[in-house]
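To start, the structure under review is shown below, and the notes come after it.
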Amino acid sequence: MTGSTPADMINLRLILVSGKTKEFLFSPNDSAADIAKHVYDNWPMDWEEEQVSSPNILRLIYQGRFLHGNVTLGALKLPLGKTTVMHLVARETLPEPNSQGQRNREKTGESNCCVILVLDHSSVRTLTPPLFP
């Protein structure tokens, strides 16, 4: 977006996994589901390679957390008239909330671990960090 953001709106800079970005203006009353639908209906031409089949699989990530569809920008207390950065990914379902996930791990004896995917133009490698108790 060029120019300044209206004082009663939020400028969202959305970043795809590919690194491509686009900015959209939204009201604080807009929910994550509203945003996904708007972006899907106004899919940028330079995002053609990342086009998805439905707005229902678009997910927003803000500060490392997936936003559920009913969460509004106002509820996140985003600053009006400013730009906020979020990631936009295609994902069928959302992960469990942390508290429930922790209870499930305790019941099953699973440990915390993560997988980091390093993507570059020549290869794809999976790195698994050491597990910590």
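The values are calculated or read from the model by the stated rules, or taken from the named source; none is laboratory data. All values reported here derive from a predicted model rather than from experimental measurement. Neighbour counts are summed over all protein chains in view; Cβ atoms, including those assigned to glycine, are modelled from backbone coordinates with ideal geometry. These area figures cover heavy atoms from the full protein model, side chains too; ligands, DNA and RNA do not enter into them. Shrake-Rupley method; radii C 1.70, N 1.55, O 1.52, S 1.80 Å.
Annotations for the structure displayed:
- Matching residues in the range 27-60 - criterion: being acidic (Asp, Glu) and either more than 15 Å from ARG91 (Cβ to Cβ) or modelled with pLDDT of 95 or more (or both): ASP30, ASP34, ASP41, ASP46, GLU48, GLU49
- Checked against the criteria, GLY109 does not count as modelled with pLDDT of 90 or more and not hydroxyl-bearing (Ser, Thr, Tyr).
- With respect to (1) in contact (Cβ under 8 Å) with a residue 12 or more places away in the chain; (2) farther than 15 Å from ARG91 by Cα; (3) exposed (fewer than 15 other Cβ atoms within 10 Å of the Cβ), the lone exception for GLY19 is condition (1).
- Breaking point among (1) at pLDDT 95 or above; (2) touching a Lys or Arg at 6+ places or on another chain (Cβ under 7 Å); (3) open to solvent by 70 Å² or more (accessible area, probe 1.4 Å), for HIS87: (2)
- Every condition in (1) modelled with pLDDT of 95 or more; (2) open to solvent by 70 Å² or more (accessible area, probe 1.4 Å); (3) under 21 Å from LYS77 (Cβ atoms) is met by PHE24 except one, and the failing one is (2).
- Members of the range 62-84 that are within 10 Å of ALA32 (Cβ to Cβ), outside any loop (DSSP other than H, G, I, E, B) and at pLDDT 95 or above: TYR62, THR72
- Among residues of the range 29-62, those that are touching a Leu at 6+ places or on another chain (Cβ under 9 Å) and open to solvent by 80 Å² or more (accessible area, probe 1.4 Å), counted: 2
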